[in-house]
Amino acid sequence: MEIQPDTSQPEVKQIGDHDSVDSLNQFHGFWLTPINLQATQELLEHFKPISNDVILASFPKTGTTWLKSLLYAIVNRSSIDQLTRNHPHVLVPQLELQVYGPHAISPPPFPSPDTSSSNRIFSTHLPYQIIGETIDSSDCRVVYVARNPKDTLVSIWHFVNTLEMFKTFPWPLEDFVDNFCKGHIAFGPYYDHVLGYQKQSVERPKKFFFITYEELKSDPKTHVKKLAEFLGCPFDNEEQVEEVVRSCSIETLRNHDVNKSGDIFYYFPYNSYFRKGQVGDHKNYLTKDMIDRIDTITNEKFQGSIFKH
Ligand code: A3P
């Protein structure tokens, strides 16, 4: 994708054709699709979180679906069986897609943002730099999941290539790496996204819970317990923890009929949200040069604070 010259609106730079699903507009330093941009503007105007809300924030393809199911299971322990009948994206709606904007679902099958019912969980891919003021307007809690940049990149690349428009001419990996490194990717730059929330979690650990996909993979029980404590609903016993971890594993979720159905969430079939779910899958795709390039940027941006290698 080529960057086009500045449009007539000085504050909005655009990549790609405006009508195309892969076109992007720059907003407060981040790249958003036209649909997400419209929804974000609506959200910033109308969304008023309440103090017992939980907001799951993430960069795309970093484990959002997993965290949605875990948060749902932790907070709604008595109705954990809902996960057998509903895709996690239906149980935990994305603010700038299902709640606001042209794709908003009406009437919503989830607690409305206009009611103050308890146990509301929303997700967002918006960076703290955009949604921060809204989040900080209440005592709601925020869980952020981050994933190492190379697996994130490979996961997004696979995901976008499942789109009909890329079936005939898949997006070349070389181009995709270039876009990722330059930050020209939906909700990018990735590095600023991660750092925005990480900084908050260091400064305000009672409000922001920062976890990596890799930590969760390596010891799900320990981290799920910490997550439940952070949310103020600790487990009574080990069996409960095990049930939540098992119910939310990729093996369990991908085998539910609902998640095998051909239903679509935002252009993508339900089953495409459960691909491999492994750590280190990038080694099967990225060349040494690509890895070196990404590692150099990672070291520069994260300064060894996260994802050191
Ligand atoms: P891969 O493409 O590497 O397999 P997101 O939910 O943010 O879109 O992220 C999708 C990534 O998380 C995919 O990674 C997907 O396979 C993985 N994933 C989905 N559900 C998972 C689960 N329950 N446990 C672990 N990984 C999961």
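The values are calculated or read from the model by the stated rules, or taken from the named source; none is laboratory data. Note that the coordinates shown come from a computational prediction; the quantities given were computed from them, not determined experimentally. Note: ideal-geometry Cβ built from the backbone for every residue, glycine included; neighbour counts use all protein chains shown.
Here are some notes:
- Positions within region 207-251 being polar (S, T, N, Q), under 27 Å from residue 128 (Cβ atoms) and out of contact with any strand residue (DSSP E or B) (no Cβ under 6 Å at 6 or more places or on another chain), in sequence order: 218, 222
- The set of residues from region 215-226 being within 11 Å of the ligand (Cβ to nearest atom) and within 17 Å of residue 56 (Cα to Cα) comprises just one member, 216.
- Residue 303, sole failed condition from (1) more than 10 Å from the ligand (Cβ to nearest atom); (2) within 24 Å of residue 210 (Cβ to Cβ); (3) touching a residue at least 12 places away in the same chain (Cβ under 8 Å): (3)
- The condition of being among the aromatic types (Phe, Trp, Tyr) and out of contact with any Lys or Arg (no Cβ under 9 Å at 6 or more places or on another chain) holds for residue 265.
- Matching residues, region 282-296, being in a helix (DSSP H, G or I) and of a type outside the set (A, V, I, L, M, F, W, C): 282, 283, 284, 288, 289, 292, 293, 295, 296
- Any chance residue 74 is in contact with an Asp or Glu (Cβ under 8 Å, 6 or more places away or on another chain), within 16 Å of the ligand (Cβ to nearest atom) and not charged (D, E, K, R): no
- Within region 7-43, the only residue that satisfies the criterion of being over 18 Å from the mean Cα position of the chain (by Cα), at pLDDT 50 or above, of a type in the set (D, E, K, R) and under 22 Å from residue 99 (Cα atoms) is 42.
- Any hit, region 254-267, residues being within 9 Å of the ligand (Cβ to nearest atom), farther than 21 Å from residue 152 by Cβ and at pLDDT 95 or above: no
- Enumeration of residues in region 48-102 that are buried (at least 22 other Cβ atoms within 10 Å of the Cβ), in contact with a His (Cβ under 6 Å, 6 or more places away or on another chain) and modelled with pLDDT of 95 or more: 59
- For region 130-166, taking the residues that are of a type in the set (D, E, K, R) and either touching a strand residue (DSSP E or B) at 6+ places or on another chain (Cβ under 6 Å) or within 15 Å of the ligand (Cβ to nearest atom) (or both), the one that is farthest from residue 53 (Cα to Cα) is identified as 150.
- Only one of 235, 180, 169 that is farther than 26 Å from residue 290 by Cβ and of a type in the set (A, V, I, L, M, F, W, C): 235
- When each of 229, 251, 239 is tested for being at pLDDT 95 or above, more than 10 Å from the ligand (Cβ to nearest atom) and closer than 21 Å to residue 145 by Cβ, the lone residue that passes is 229.
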